[in-house]
Ligand code: NZQ
Ligand code: ZN
């Protein structure tokens, strides 16, 4: 049970709870006066979150410039356009109102606004980020943990990639997590969010290092989410349930679960990103398909670790049973566990294998060979 050396750093000021948005205007004003407000394709207007946020900004005397239309599985073209629009209007602070796609885009928009570099060059590490613009986020979907971490994920149709950039410049200055803003998340995305947070905890669990207290915390986050999930699926407007899941999601990927570890594995996320890129599948849906397959592939290679997962989460010593129970949980909240359930049929097998191999999908701790990728895809079909 080795505790690896580690450095912990998280500068995000988090405002959590019902009505915390009432302090948004005051917070944003500390960072600037000309706000670039980023949001998605309309849900925030439909459900009134936009009005609450805009009123806050107006009451604080701030000027607002809007860029909307960010897509789930966000694309670099939107980031480029928002950077150009923000520069034209000399904005000095960004407010991101939405889920992971909006917040991730806003992080890279910040890097673009503070430089003359094409945003994609940051995503590929061609250019190192040196400066950014202050970012304040208002989260509307519990899933990614982006509100309190340094990651951002974007797609590029020209290079056929969906990639993530993890860099300290990406930390938001402040994030507002008001569970009221999540009660309208539809059932499918509610489930995908729960899958995503569980997958983040598992990615950390299967990273290098075995700090015993972190194993307990990490698996407790998973157990907590699994406990509330069925109730939330039947009672989506329940604020208490939304709050619990929201906190689980933030804790699953704000650095805590990597204390005492070299880092997470992230191989399953790598597989998922390629599936999202190819078939525009929701991020969480790709993970409920890929995780059971990955565990089945690794079962004989890391039996003790998978056994520990099974024991801590499901109370079973039998890895096969643990994997089955995880899969059954995903099914119980209607997240797909096979590609066919997500509308990707077996004739796509070669296409998927090729995409995974071209981008050399692998884990940071448990590497994947070409033969492994083929096996994984067969396990997912
Ligand atoms: O576009 P709008 O109208 O806003 O609708 C969104 C979108 O259709 C809708 N939605 C969001 N909040 C809502 C709502 N609908 C009703 N009521 C609300 N309160 O939900 C849909 C999905 O939104 P999206 O932002 O795409 O979802 P999510 O938060 O799951 O973000 C997914 C993205 O984050 C990346 C994923 O790869 C994916 O691109 N990730 C980011 C990570 C990070 N930065 O740390 C880590 C993750 O592993 C993940 O890779
Ligand atoms: Zn994820």
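Values in this text are rule-based calculations from the coordinates and carry no lab data. Please read these numbers as outputs of a predicted model, since none were measured by experiment.
A few points about this structure:
- Cα-only radius of gyration and Dmax that characterise the range 103-219, units Å: 15.9, 45
- Whether the range 30-78 is rounded, prolate or oblate, judged on the alpha carbon gyration tensor where a/c under 1.5 counts as rounded: oblate
- Just so you know, the Cα atoms of the range 13-182 work out to an Rg and Dmax of 14.5, 43 Å.
- Sorted largest first, extent of the range 29-113 alpha carbons per principal axis (Å): 32, 29, 17
- Among beta bridges that DSSP assigns inside the range 90-200, antiparallel share in %, nearest 5: 45
- Principal-axis tilt of helix 76-88 within the chain, Cα atoms, nearest 10 degrees: 20
- Rounded if a/c under 1.5, otherwise prolate or oblate - the range 187-380, Cα gyration tensor axes: oblate
- Here the chain carries DSSP beta bridges of which approximately 25% are antiparallel, counting only pairs with both residues inside.
- Nearest 10 degrees, 0 to 90: helix 100-113 Cα axis against the chain principal axis: 50
- Gyration tensor (alpha-carbon) shape descriptor, the range 88-147, a/c threshold 1.5: oblate
- Residue-averaged [θ]222 nm for the chain, counting only DSSP H segments that reach four residues, each worth -39500 (n - 2.57): -14500 deg cm²/dmol
- Using alpha-carbon coordinates, inclination of helix 283-298 to the longest axis of the chain, degrees: 30
- Choice from 316, 146, 137 showing the highest fluctuation, given a GNM over the chain with Cα pairs closer than 10 Å: 316
- Bridge type composition, the range 13-182 - antiparallel percent by DSSP, nearest 5: 20
- For the range 289-381, the Kirkwood hydrodynamic radius comes to 14.0 Å, computed from all pairs of different C-alpha atoms.
- Kirkwood Rh, Cα atoms: Rg over Rh of the chain: 0.96
- Selected from 323, 194, 302 as most flexible by GNM, with the chain as the system and alpha-carbon contacts under 10 Å: 302
- Look at where the Cα atoms of the range 68-125 and of the range 255-274 average out, and the two centres are 24 Å apart.
- Averaging the sequence gap over all C-alpha pairs within less than 8 Å and six or more residues apart, then dividing by the number of residues, gives the chain a relative contact order of 17 percent.
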